[in-house]
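Presented below is the structure to which this report refers.
Only the coordinates and a few stated rules stand behind these numbers; no lab work does. This is a predicted model, so every value here is computed, not measured. In this analysis, Cβ positions are derived from the backbone assuming ideal geometry, glycine residues included, and neighbour counts consider all displayed protein chains.
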Amino acid sequence: MDYRTTAPKPIKDFLQYHEDIQEHSIKTVDEYYLDLRLFFRWLKQYRGDAAKELEVKEVDISDLDIAYIAKVTKSEVYEYLSYLRRDKVHNDGAKIIKKGLNERSRSRKLATLMSFFKYLTVKTELLDKNPLLGIETPRHKEQVPKYLTLDQSVNLLRKVEGRHKIRDYAILTVFLNCGLRISELCGLDLTDVEADRLRVRGKGSKERMVPINDAAAEAINRYITERSNYGAEQPALFVSQKSNRMSKGAVHLLVKKHLGDAALNGYSAHKLRHTCATLLVGNGVNIKAIQELLGHEHLGTTEIYLHIAGSELREAVNSNPLKRETQRNNA
């Protein structure tokens, strides 16, 4: 998707601002574009400015300009939220799966609109008045992240077997001890591994240094020693049997396999990230340290882990109780 060639100018300028100035990832910018495109397609149909026989997804917004946007009202936004709740269709090809978005999805789409109108009124001053000021966001219940207990985590590591045991053990250990996203793990290069830390490229290509405890360092070093058996002549740290950088799909599958072997069905690679954060919180680690470790931009994202009832980042990693258990397994 290339918004530069398809988005009307007001939206394109907003997206370029987020990509170039705010340095948001392409994926995030694309999501903004889809949110704004949906709203203005719906709006043209709601106002009667598009042919009635057209579906919302078929409405053309290429002629959208500031004058049209300036007429947006708060009541129209509330009508749009009602549309999202009642009538927005989820489909897979010709098959309708369900109608209506949940509260979290509606809140995210509203947040995009609020950011867009703030940009137009505050950043560029193209509009004098922000119609979304004071608008209420859909309420939603925060879901407690699904995670493994300490005993389940230890059992998972103890059950790792197979031809790629050392590599897979290292991957699981990094997830559980360092809390990386799957994309961050797949993006690691050999040169990103230092004696006591990893150079990680997170969302929006932002780099952070993630300290590794002794257990993770030992698992990584054991894997690097045998990595030559894969015949890989490329920079990737974790490689496949065919000597290629491991894809997210491949990592998902290997994590799912080992979780199944440990009778832990219903979990995923991302749940191992939740596990790392939850075990740290349960062990009394400062939430700000965990925020930095996980690479969360906002503290509120990290605070969800406070459902388990001034540390430095190094202390945060070394406090992970899995350090002791994985060291025993490496012995």
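Taking every DSSP helix (H) stretch of at least 4 residues in the chain, weighting each as -39,500 (n - 2.57) and dividing the sum by the residue count yields a mean residue ellipticity at 222 nm of -14500 deg cm²/dmol. Restricting the GluC sites (Glu not before Pro) of region 231-299 to loop positions (DSSP other than H, G, I, E, B) with no more than 14 neighbouring Cβ atoms within 10 Å leaves 233, 297. Label-to-label distance, residue 225 versus residue 6, with points set 7 angstrom from Cα along the beta-carbon direction: 5.1 nm.
Taken over region 150-330, the convex hull of the Cα atoms encloses 110 Å³ per residue. Loop-located GluC sites (Glu not before Pro) across region 1-35 with a Cβ neighbour count of 16 or fewer within 10 Å are 23, with loop assigned by DSSP. In the set (i) 5, 21, 26, 21, 17, 8, 1, 0; (ii) 5, 21, 20, 11, 12, 15, 11, 4, 0; (iii) 5, 24, 33, 25, 11, 2, 0, the label that goes with P(r) over Cα pairs in 10 Å bins from 0, in percent computed for this structure is (i). Beyond a 30 Å Cα-Cα separation, which of these cross-linked pairs lie in this structure: 203/257; 57/146; 27/74; 109/206; 44/206; 52/123? As for pairs spanning more than 30 Å Cα to Cα, those are 57/146; 44/206; 52/123. Peptide packing: for 217-228, 186-197, the average count of neighbouring Cβ atoms within 10 Å per residue gives the ranking 217-228, 186-197, highest mean first. Once the Cα-Cα distance is subtracted from the 0.36 nm per residue extended length, the residue 250 to residue 190 segment shows a gain of 19.7 nm.
For region 3-123, the fraction of C-alpha pairs farther apart than 26 angstrom is 19 percent. Averaging the Cα positions of each part gives two centres, and for region 153-191 and region 2-34 these lie 34 Å apart.
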